[in-house]
Amino acid sequence: MPVVHARETAIAIAALVVILFVALFFTVTTVNLSLLAMQLVSCATIGLAVASAWVLTKFAQLSDLA
């Protein structure tokens with residue numbers, strides 16, 4: 001099993017796991033379909049923001065090495 005050495009990667013993975021559990025909770029508990037769609041779109045938007053922030057930090061680290 002791979003070990004995550006970078007702090008930013010560990011934080012991003014933890015945030016995405018939390019978002020996935022929140023999406024699962026919304027899917028199981030929400031009765032109204034339009035409300036569920038809005039909640040899942042919000043989860044997806046937050047997930048994309050976390051992934052984008054992670055990519056930006058990785059690119060910033062690459063430019064610092066040079």
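The values are calculated or read from the model by the stated rules, or taken from the named source; none is laboratory data. From a predicted model like this one, the values you see are computed outputs, not experimental measurements. Neighbour counts run over all protein chains shown; Cβ positions are idealised from the backbone, glycine included.
Could you list, in sequence order, all residues of the range 1-36 that are loosely packed, with under 12 Cβ neighbours inside 10 Å, of a type in the set (Val, Ile, Thr) and not in a helix (DSSP H, G or I)?
The answer is VAL3, VAL31.
What pairs come out if I take residues in the range 18-40 that are of a type in the set (Gly, Ala, Ser) and pair them with residues that are modelled with pLDDT of 95 or more and surrounded by 12 or more Cβ atoms within 10 Å (Cβ to Cβ) whose C-beta lies under 9 Å away, six or more apart or interchain?
That search, which allows pairs on different chains as well, returns ALA23/GLN39; ALA23/LEU40; ALA23/CYS43; ALA23/ALA44; ALA23/GLY47.
Looking only at the range 1-29, how many residues end up being at pLDDT 95 or above and among the hydroxyl-bearing types (Ser, Thr, Tyr)?
The qualifying residues number 2.
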